[in-house]
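Below is one structure, written out as structure tokens; comments come after it.
The values are calculated or read from the model by the stated rules, or taken from the named source; none is laboratory data. This structure is a prediction, so every number in the text was calculated from the model and none was measured. So basically every Cβ, Gly included, is an ideal-geometry build from the backbone, and we count neighbours across all protein chains shown. Quick note on the areas: whole protein, heavy atoms, side chains included, nothing else; ligands and nucleic acids left out. Shrake-Rupley method; radii C 1.70, N 1.55, O 1.52, S 1.80 Å.
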Amino acid sequence: MARLFGTDGVRGRANADLTPELAMAVAVAAARTLAESDRSHPPLAVVGRDPRASGEMLEAAVVAGLASAGANVVRVGVLPTPGVAFLVGEAKADLGVMLSASHNPMPDNGIKLFAAGGHKLPDEVEHKIEAAIEAGASFVRPTGGGVGRVHDLLDGAEHYVQHLVGTVPHRLDGLRVVVDCANGAASDVAPLAYREAGAEVIAIHAEPDGLNINEGCGSTHLEPVKAAVLEHGAHLGIAHDGDADRCLAVTADGTEVDGDEIMAILALAMREGGALTADTLVATVMSNLGLRLAMSREGIRLIETKVGDRYVLEELRGAALALGGEQSGHIVMPAYATTGDGVLTGLHLMSRMAATGRSLADLASVVTKLPQVLVNVPVGDRAAGATAAPVLAATADAEAELGETGRVLLRPSGTEPLVRVMVEAATVETARSVAERIAAVVRSVSPA
């Protein structure tokens with residue numbers, strides 16, 4: 001069986017790659033695997049989704065699979081991924097299932113799994129689930145009273161918003177923010193949380209119809225939020241993705257503020273408040289060299305991980321650290337959340353602005369980013385496209401050419417048929433030239 005789980009669960013084109021049959025099989029295998037260590041009670045599962053149309057179909061399949069394996073199910077409906085993770089912990093559930101393809105286009109969908117406490121699964125547990133799927137229906141299904149029951153939790157969003165607002169160290173009164181909800185899972189939750197914390201909120205792309213999620217909006221398309229910030233004279237804009245586990249921002253003049261800059265702002269704020277454990281920040285290898293230089297200058301240690309917020313999470317949990325994240329806007333604060341939480345990030349970013357009276361542009365100026373170019377190369381074989389001898393040779397030549405003035409990072413996507421070629425250099429022209437040169441070699445060895 002081919003590897004089913006990517007860097008963030010199971011993902012694919014809904015009803016083609018990710019079918020109801022596969023969703024049911026994953027649910028059955030997850031229930032059996034995650035609950036096998038404790039047979040003292042029927043397992044309890046929390047199931048949520050983003051608003052894309054295929055989520056309705058896949059939710060039905062997942063709920064049926066869980067109940068058929070003897071798990072009791074609590075459906076929470078449309079809610080951000082971190083909201084589902086939070087409710088898994090609050091309900092003391094054995095597992096959680098979130099149906100979302102995050103920032104991917106509407107035709108895609110995905111299955112994200114959480115263990116007890118709302119934590120993402122380690123690789124070894126995913127391997128066990130894959131093995132259970134491959135074994136198929138080779139187990140005795142419960143009957144009669146052993147079949148799981150299904151209930152709806154109608155106030156899950158309220159509990160989640162109360163939790164978020166309760167974490168804010170300084171109220172947001174006086175701030176005007178535009179929030180782009182990507183017509184996704186945060187369309188109700190994000191504006192409500194920001195208003196409850198004191199901000200004046202202008203919400204855009206907050207009318208999901210099942211088909212418009214991430215369509216020209218949200219954290220992957222920042223032009224609308226930039227325009228709205230200028231139109232409304234807002235202090236900042238915040239953009240979430242389809243399942244609201246990430247947060248990007250724009251300043252009052254429309255300048256983009258990415259996850260690296262947000263992490264730097266939060267790291268300094270947390271250190272000032274004595275909450276930055278060991279004065280350490282965790283980031284991935286994709287973070288800009290400018291973040292590393294800024295943190296070094298400020299006396300903050302930076303630990304690097306592989307790309308994927310799950311690896312950031314593992315490092316944070318393993319070393320009991322307080323802050324980590326990705327350039328893409330997945331920011332993790334373990335004191336308040338078990339996974340990346342875009343709305344939580346937005347609240348704490350604005351709280352820092354309100355507490356200091358400084359603009360977002362001023363706060364973000366702590367990081368001077370090196371020009372960085374990322375080329376996503378469609379490929380037929382991700383592994384071959386990233387590791388073929390001609391590709392490695394081209395990468396080595398580029399690294400020798402850049403020396404200490406830049407770097408090259410080449411990696412296969414964990415969720416899409418792409419090889420990502422990232423280059424940092426002293427000028428954007430140099431970075432683009434080097435990235436395109438390597439990308440051309442990748443295309444030649446593994447055409448899409």
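Applying the condition of being among the hydrophobic types (A, V, I, L, M, F, W, C) and assigned to a strand (DSSP E or B) to region 61-78 and asking which residue is least open to solvent (accessible area, probe 1.4 Å) yields Val73. Scanning region 284-312 for residues that are touching a strand residue (DSSP E or B) at 6+ places or on another chain (Cβ under 6 Å), over 22 Å from Gly118 (Cβ atoms) and not β-branched (Val, Ile, Thr) yields Asn288, Leu289, Arg292, Met295, Arg301, Leu302. Residues in region 180-230 that are more than 21 Å from the chain's Cα centre (by Cα) and among the charged types (D, E, K, R): Arg195, Glu196, Glu200, Glu207, Asp209, Lys226. Look at Thr368 and say whether it is modelled with pLDDT under 95 and within 30 Å of Asp245 (Cβ to Cβ). For Thr368, the condition - modelled with pLDDT under 95 and within 30 Å of Asp245 (Cβ to Cβ) - is met. A single member of Val26, Val46 is open to solvent by less than 10 Å² (accessible area, probe 1.4 Å) and not in a strand (DSSP E or B), and it is Val26. In region 78-106, the residues that are β-branched (Val, Ile, Thr) reach residues that are open to solvent by 10 Å² or more (accessible area, probe 1.4 Å) and part of a strand (DSSP E or B) with C-beta atoms within less than 8 angstrom, at least six apart or across chains, in these pairs: Val78/Arg49; Val84/Val76; Val97/Leu113. On the stretch given as region 153-192, residues that are in a helix (DSSP H, G or I), free of Cβ contacts under 8 Å to residues at least 24 places away in the same chain and either under 20 Å from His205 (Cβ atoms) or acidic (Asp, Glu) (or both) total 2. Among the residues of this structure, Ala249 counts as one that is under 22 Å from the mean Cα position of the chain (by Cα) and farther than 22 Å from Pro105 by Cβ.
Which of the residues that make up region 1-21 are at pLDDT 95 or above and either over 21 Å from the mean Cα position of the chain (by Cα) or open to solvent by 40 Å² or more (accessible area, probe 1.4 Å) (or both)? Arg13, Asn15, Ala16, Thr19, Pro20, Glu21 - these are the residues of region 1-21 that are at pLDDT 95 or above and either over 21 Å from the mean Cα position of the chain (by Cα) or open to solvent by 40 Å² or more (accessible area, probe 1.4 Å) (or both).
Beta carbons closer than 6 Å, at least 6 apart along the sequence or on distinct chains, pair a first residue in region 128-152 that is at pLDDT 90 or above with a second that is in a strand (DSSP E or B) and open to solvent by 60 Å² or more (accessible area, probe 1.4 Å) for Asp152/Arg75.
Considering every residue within region 301-308, establish whether at least one is within 22 Å of the chain's Cα centre (by Cα), under 25 Å from Ala355 (Cβ atoms) and either at pLDDT below 95 or open to solvent by 40 Å² or more (accessible area, probe 1.4 Å) (or both).
Quick first cut of region 301-308, residues within 22 Å of the chain's Cα centre (by Cα) only: 302-308.
Still in the list and also under 25 Å from Ala355 (Cβ atoms): 302.
From the residues that got through so far, the ones that are either at pLDDT below 95 or open to solvent by 40 Å² or more (accessible area, probe 1.4 Å) (or both) too are 302.
Yes, region 301-308 contains a residue that is within 22 Å of the chain's Cα centre (by Cα), under 25 Å from Ala355 (Cβ atoms) and either at pLDDT below 95 or open to solvent by 40 Å² or more (accessible area, probe 1.4 Å) (or both).
Take the conditions (1) in contact with a Leu (Cβ under 8 Å, 6 or more places away or on another chain); (2) touching a residue at least 24 places away in the same chain (Cβ under 8 Å); Glu401 misses just one of them, which is (1).
Which members of region 217-234 meet the condition of being buried (at least 22 other Cβ atoms within 10 Å of the Cβ) and in contact (Cβ under 8 Å) with a residue 40 or more places away in the chain? Across region 217-234, the qualifying residues are Gly218, Ser219, Val225, Val229, Ala234.
What helices (runs of 4 or more DSSP H) lie completely within region 345-447 and have 3 or more residues being within 19 Å of Val307 (Cα to Cα) and within 29 Å of the chain's Cα centre (by Cα)?
Values: elements: 360-364, 382-387, 389-402, 428-445.
Those helices (runs of 4 or more DSSP H) span 382-387.
Against the conditions (1) touching a Ser or Thr at 6+ places or on another chain (Cβ under 8 Å); (2) touching a residue at least 40 places away in the same chain (Cβ under 8 Å); (3) aliphatic (A, V, I, L, M), Val408 satisfies every one except (2). Does Leu276 satisfy the criteria of being within 20 Å of the chain's Cα centre (by Cα), more than 18 Å from Thr368 (Cα to Cα) and at pLDDT 95 or above? The answer is no for Leu276. Candidates in region 82-100 are the residues that are part of a helix (DSSP H, G or I) and touching a Ser or Thr at 6+ places or on another chain (Cβ under 6 Å); of these, the one that is nearest to Gly144 (Cα to Cα) is Ala85.
When Ala252, Ala239 are checked against the criterion of being in contact (Cβ under 8 Å) with a residue 60 or more places away in the chain, surrounded by fewer than 23 Cβ atoms within 10 Å (Cβ to Cβ), among the hydrophobic types (A, V, I, L, M, F, W, C) and within 17 Å of Tyr194 (Cβ to Cβ), Ala252 stands alone in meeting it.
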